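Working notes for the structure below.
The values are calculated or read from the model by the stated rules, or taken from the named source; none is laboratory data. Since this is a predicted model, take the numbers as computed values, not measurements. SASA here: full protein model, heavy atoms, side chains in, ligands and nucleic acids out. Shrake-Rupley method; radii C 1.70, N 1.55, O 1.52, S 1.80 Å.
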Amino acid sequence: MSNASPLHRRQKVADAHSPKLQSYRFMLLYALAAAGGAIAYVPFLTIVLPARVTVFAGYNDVEWLAYISFAGAISASIGNIVFGWLSDITKNRRGWTFCGLFSSCILLVLFNWTEQLEALIGLMLLWQLALNMMLAPLGAWAGDCVPDHQKGLLGGLLAFSPALGAMSGAIVTIPGLASDEARLWLLAGLVCVCVLPVLFFAKPVHFAELHRKPEDEDRNIGSDGVQTRVLMRMWSARLLLQISQAALFSYLLYWFRSIDSDMGESSTAQVLSFVLIISIPVAMVMGRWTDLKSRPIFPLVLCAGFAAAGLVGMALSSSLAAAVGSYVIFGLATAVFLALHTSQTLRVLPKPERRGRDLGIFNLTNTAPSLIMPWIVLAMVPVFGFPAMLLLFAGLALLSCILLATLPEAR
């Protein structure tokens, strides 16, 4: 029985039998499509939706945004698992991605005609299902096509996704560029421009080892304990960090305004865009270093530690300059962590024939925080304020760092 780490086992097989690389054409088109997925939801959930909820709910906007985020997260969790599983069964990632693209863009535009909060919640449920019909098979497609010795590069390229998502938010909120109704049409068009090229023009190189059962597949993985430990710690570490990321994803505008009431939608989007743009070269360098050194966990440990430090700084901030500076540290660390973690997750999933379904389960680390976070916000912010909540999140980020740092693969 091999004692090799599951993070390195298939890497050795790939290096020995298939040293070829996935085409850069596919890698770049895939990165563009992944960015289209971010454009589909980042500007809407961070800027457009909170502003619209404020119009409908007034002073109860924080509470209603929590309810809407909760309902949307449930729908997204179910949709990602179901449509990932269906793409496994049908072996048709492109078809499901196209259907999800088409239906999610239509539903996005329909938000222009919602006039009640109840209708907004119902449409949110449908939109999240359609969105994950696109995102789930698209995510699994990377696992089908990108070899382990390019997973770090993939992680670096995936850093473009949140950056372009935030940039699109900054663009559509430029004063005078587009009306509230036109913003959603503009976003839907941008998503199509980004996603359609990979569906029609990508010609990925086939890697047989990505579709074979890994070594020792027939044994009981749970009794071995090694792969189970890595999977569970990676899942838990991402979940812990994503709770704080999800809270600021939804409440960043409100937090900035609690420090400076003059902070507007456009300024918030510009700060978010700046942070995520800077994360691209950092993630590219760290991803390439990961490929060369075969140390997939160490960069994640480093990023989780900086995220905790940034959250502490945010909690202690009393001026807008300090708040923005601390958020830059947190946002940069988190963006790089999530990009690299996403690509390394594809390395450790054990069954290629269930890749879409298993990624859906891993995706619960993205959606479950939206189920947890609203109640933390509602319990803490009205009573203790944002600083206490941020210190709590700093503790969770530190625990994430410890979980990964104590893995042998981190050294």
For the chain, dividing by residue count, accessible area per residue (probe 1.4 Å) in Å² works out to 40
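Counting only complete DSSP H runs, which helices of the chain cover 15 Å or more along their long axis at the Cα atoms and score a mean Kyte-Doolittle of -0.5 or above?
Numbers: long enough: 6-17 (18 Å, -1.36); 24-43 (28 Å, 1.24); 61-90 (42 Å, 0.97); 93-110 (26 Å, 1.19); 117-145 (42 Å, 1.29); 160-172 (18 Å, 1.43); 180-201 (33 Å, 1.79); 226-259 (46 Å, 0.65); 265-293 (41 Å, 0.88); 298-316 (28 Å, 2.09); 320-348 (41 Å, 1.37); 364-384 (29 Å, 1.51); 386-405 (28 Å, 2.46).
Once both thresholds are applied, what remains is 24-43, 61-90, 93-110, 117-145, 160-172, 180-201, 226-259, 265-293, 298-316, 320-348, 364-384, 386-405.
Looking at this model, which pairs from LYS203/LYS293; LYS91/LYS351; LYS151/LYS351; LYS151/LYS293; LYS91/LYS151 are more than 20 angstrom apart at the alpha-carbon? If you can, show how the numbers build up before the last one.
Details: LYS203/LYS293 29 Å; LYS91/LYS351 14 Å; LYS151/LYS351 17 Å; LYS151/LYS293 12 Å; LYS91/LYS151 22 Å.
Result: LYS203/LYS293; LYS91/LYS151 exceed 20 Å.
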Log10 I(q)/I(0) at q = 0.19, 0.22, 0.23, 0.30 Å⁻¹ for the range 124-185, from Debye over equal alpha-carbon scatterers, is -0.91, -1.01, -1.03, -1.15
Semi-axes, largest first, in whole Å: what does sqrt of 5 times each Cα gyration tensor eigenvalue give for the range 282-406?
29, 20, 11
Taking N as the residue count of the chain, its alpha carbon Rg divided by 2.2 N^0.38 Å gives 0.95
Heavy-atom accessible area ranking, 1.4 Å probe, most first, across ARG233, ARG238:
ARG233, ARG238
Determine the principal axes of the Cα atoms in the range 340-401, then give the extent along each, sorted from largest to smallest and rounded to whole angstroms.
48, 22, 13
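Share of the chain's accessible area from carbon and sulfur, percent, 1.4 Å? Don't skip to the end; give the middle numbers.
On the way: 11130 of 16330 Å².
Solvent-exposed carbon and sulfur of the chain make up 68 percent of the total.
Please compute one quarter of the surface area of the Cα convex hull for the range 264-343 and express it in square nanometres.
Spelled out: convex hull of the Cα atoms, projected over all directions, averaged, 5.3 nm².
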Debye-sum result for the range 234-278 in log10 I(q)/I(0), which assumes one identical scatterer on each alpha carbon, at q = 0.17, 0.20 Å⁻¹
-0.57, -0.71
